[in-house]
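In what follows, a single structure is set out as structure tokens and then discussed.
The values are calculated or read from the model by the stated rules, or taken from the named source; none is laboratory data. Note that this is a predicted model, so its numbers are computed, not measured. Cβ coordinates were reconstructed from backbone atoms using ideal geometry, including for glycine residues, and neighbour counts include every protein chain displayed. Heads up: the accessible areas ignore ligands, DNA and RNA and are worked out on the full protein's heavy atoms, side chains in. Shrake-Rupley method; radii C 1.70, N 1.55, O 1.52, S 1.80 Å.
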Amino acid sequence: MHRRALLSSLPVLAAWPAVLRAQAAGAASDARQGTGAAAAPGSTGGAAPAAGGGTGRVPRWPERASPELGARIEIPRSRLIDGSVLEPAYWADKVLVVELWATWCPFCARQNPHVDKLHREGTPRGLEVLGLALDRSPTDVARYMRQHGYGFHAALFDEEWLRAIGRPRGLPVVWVIGRDRLLKQLETREMFPEDVEELLRWA
């Protein structure tokens, strides 16, 4: 690991025990209440979250490899946390940056301000960001977005997006889908601010 990457990660490493405790608490709560979802057919572990799960529970999506760079991505319909819908046609002649994140993810918390800046600067140039949250509650995500003043599009991660882009291990994950609907870039780690800013080159 590069020294800069190591030093950058040190302040948030201590946050992971709390994340793991939240995951364990969510699993225990599901077991007690009988709300755990069955494993998805063909998955190697984990399960898609049941619809409308309680606040604070951590969804368990099966890991699934992302399409290869250069693959065509069929962008699904997205219901945003404010209730509005983005149809696939909305992205015609736009570059789409998708970020997989969660309100409880410390690495996402550091990256999101830069992702929001990317969205604001990129929108006039035809590049927009869609944040797909792993949280179960859209209310939690909406509150988080308001508290931080974020303006990028936000929706919950779902089965349609799982089929379209997969679910690589870790958070945050970023996909760049070009105007030609081909996958241009995939990042499966926290990005440095300058690396997020460089995504504007795809606009």
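For this structure, a couple of remarks:
- Other residues with beta-carbon under 13 Å from the beta-carbon of residue 100 carry, at +1 per Lys or Arg and -1 per Asp or Glu, a net charge of -2.
- Local electrostatic count, residue 199, Cβ distance below 12 Å [Lys/Arg +1, Asp/Glu -1]: -4
- Fraction of accessible area attributable to carbon and sulfur, region 79-142 (%, probe 1.4 Å): 56 percent
- Accessible surface area normalised per residue over region 87-190 is 37 Å², counting heavy atoms of protein chains with a 1.4 Å rolling probe.
- Residues of region 71-115 with an amide N closer than 19 Å to a point placed 7 Å from the Cα of residue 139 along the Cα-to-Cβ direction: 80-84, 103-104.
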